[in-house]
Amino acid sequence: MQKLAKELGVVIPVSFFEEANNAHYNSVAVIDADGTDLGLYRKSHIPDGPGYQEKFYFNPGDTGFKVFQTKFAKVGVAICWDQWFPETARAMVLQGAEILLYPTAIGSEPQDEGLDSRDHWKRVMQGHAGANLVPLIASNRIGKEIIQTEHGKSEIMFYGNSFIAGPTGEIVATADDKEEAVLVAKFDLDQIKYKRYSWGVFRDRRPDLYKVLLTVDGSNPPL
């Protein structure tokens, strides 16, 4: 991937199953456009639900949320379930992220054929883009996986719909749920930075009031 990034002059995020001694992580390495390995991020939020029992084989990530200075922009990268947490997006933009990227594998729910989270999934991330005034990229897989369990077959149909959202949450490019696709969008990051500053959402933050976020149940926040 380093050779390919250098050859094409592009930044490549590389998702992989990481073994670190006796620990295992859902990780992504970021390769810069000159082939430099900029380091990795380990997935922070680990889900545990039918078809998505990742707590069985992944340790919670210990890197903290990270932003990578690439040739083209400062990119905040998080993984799949991380995308449902507004704290993740805000933490990365506070560290200077100009673009947010979420590599993903999400689809149907084996326990409930009538549950389709696709539109909810999109709207949550559109909200992250709009709340932080940054472009956001969500890349999701397609296809079907069937595994045999002690309770019978477990089937997941991944719903694709990868998309790029602009800094107000608007969708500027999208894929479907059937075919692989390459999505392209162009952004003026200096202009977006000016808009972000002018909105004042970072100027008017009150970190002194957010200590409740450091608790599990909302009570007894640290002083």
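The values are calculated or read from the model by the stated rules, or taken from the named source; none is laboratory data. Here the structure is a predicted model, which is why all the values come from computation and not from measurement. Cβ sites come from the backbone with ideal geometry, for glycine too, and all protein chains shown count toward neighbours. Calculation scope for accessible area: heavy atoms of the full protein, side chains included, ligands and nucleic acids excluded. Shrake-Rupley method; radii C 1.70, N 1.55, O 1.52, S 1.80 Å.
Observations on the structure shown:
- For the residue pairs 43/211; 74/144; 3/178; 122/178, the C-alpha atoms sit more than 28 angstrom apart in 74/144; 3/178.
- Our note on the geometry: Cα centres of segment 37-56 and segment 79-96, 14 Å apart.
- Summing charges over all other residues whose Cβ lies under 11 Å from the Cβ of residue 169, with Lys and Arg as +1 and Asp and Glu as -1, gives +1.
- Most mobile of 154, 15, 27 in a GNM of the chain (Cα contacts under 10 Å): 154
- Solvent exposure of the chain amounts to 59 Å² per residue of accessible area, where only protein heavy atoms count and the probe is 1.4 Å.
- FRET efficiency for the residue 205 to residue 168 pair, using the beta carbon distance and R₀ = 22 Å, is estimated at 0.70.
- Amide H contacts of residue 10 (H built 1.01 Å from N, under 5 Å, at least 5 apart or other chain): none
- Centre-to-centre separation between the Cα atoms of segment 202-223 and those of segment 15-34: 31 Å.
- Interchain or long-range residues, amide H under 5 Å from residue 159's placed H: 106, 107, 108
- The chain: Cα Rg divided by the 2.2 N^0.38 Å rule of thumb: 1.07
- Count Lys and Arg as plus one, Asp and Glu as minus one, and take only other residues whose Cβ is under 14 Å from that of residue 187; the net charge is then +1.
- Computed in the context of the full set of protein chains, the accessible area of the chain at 1.4 Å probe radius has 53% of its extent on carbon or sulfur.
- Dipole size of the chain about its Cα centre, with +1 on Lys/Arg Cβ and -1 on Asp/Glu Cβ: approximately 920 debye, rounded to the nearest 20.
- Proximity of backbone amide H atoms, modeled 1.01 Å from N, is registered between residue 98 and 74, 75, 76 at under 5 Å, excluding neighbours fewer than 5 places apart on the same chain.
- Segment residue 190-residue 63, extension gain: residue separation times 0.36 nm, minus the distance between their alpha carbons: 42.9 nm
- Rounded to the nearest 0.05, the FRET efficiency derived from the C-beta distance between residue 2 and residue 216 at R0 = 41 Å is 0.50.
- Segment 93-151 - Rg and Dmax from Cα coordinates, angstrom: 15.2, 47
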